[in-house]
1. Identify all residues within region 1-33 that are closer than 30 Å to residue 67 by Cα, surrounded by 10 or more Cβ atoms within 10 Å (Cβ to Cβ) and modelled with pLDDT under 90; write none if there are none.
2. If a residue must be assigned to a loop (DSSP other than H, G, I, E, B) and hydroxyl-bearing (Ser, Thr, Tyr), how many such residues does region 16-38 contain?
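The values are calculated or read from the model by the stated rules, or taken from the named source; none is laboratory data. Here the structure is a predicted model, which means the values were calculated and not measured. Ideal geometry is used to build each Cβ from the backbone, glycine not excepted, and the neighbour counts take in all protein chains shown.
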Amino acid sequence: MATGWAGDGAVQDQIDATVEDAVKRARNQLKKGPGLTHCEECDAPIPAARREAVPGVRLCVACQSAHDEEAAFSGYNRRGSKDSQLR
């Protein structure tokens with residue numbers, strides 16, 4: 001495929017660089033450091049295995065699951081269906 005002045009792999013290189021930047025940004029947003037020994041919401045003990053697996057953990061599994069369910073719900077239809085666009 002003729003790409004003008006760009007090299008043969010320039011498009012793929014740009015895609016790879018974009019993905020790499022997104023991964024770095026996501027990794028920088030992860031919490032670091034030692035986690036809490038007890039959940040900050042319900043004060044239940046957090047097992048050592050969870051603290052090792054999730055650096056900077058602050059919630060027990062039950063509270064984290066509840067938090068994730070709340071964050072996953074959105075009052076908006078983000079699928080872009082025609083119904084949501086016509087309203």
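1. Of everything in region 1-33, just one residue is closer than 30 Å to residue 67 by Cα, surrounded by 10 or more Cβ atoms within 10 Å (Cβ to Cβ) and modelled with pLDDT under 90, namely 31.
2. Counting residues in region 16-38 that are assigned to a loop (DSSP other than H, G, I, E, B) and hydroxyl-bearing (Ser, Thr, Tyr) gives 1.
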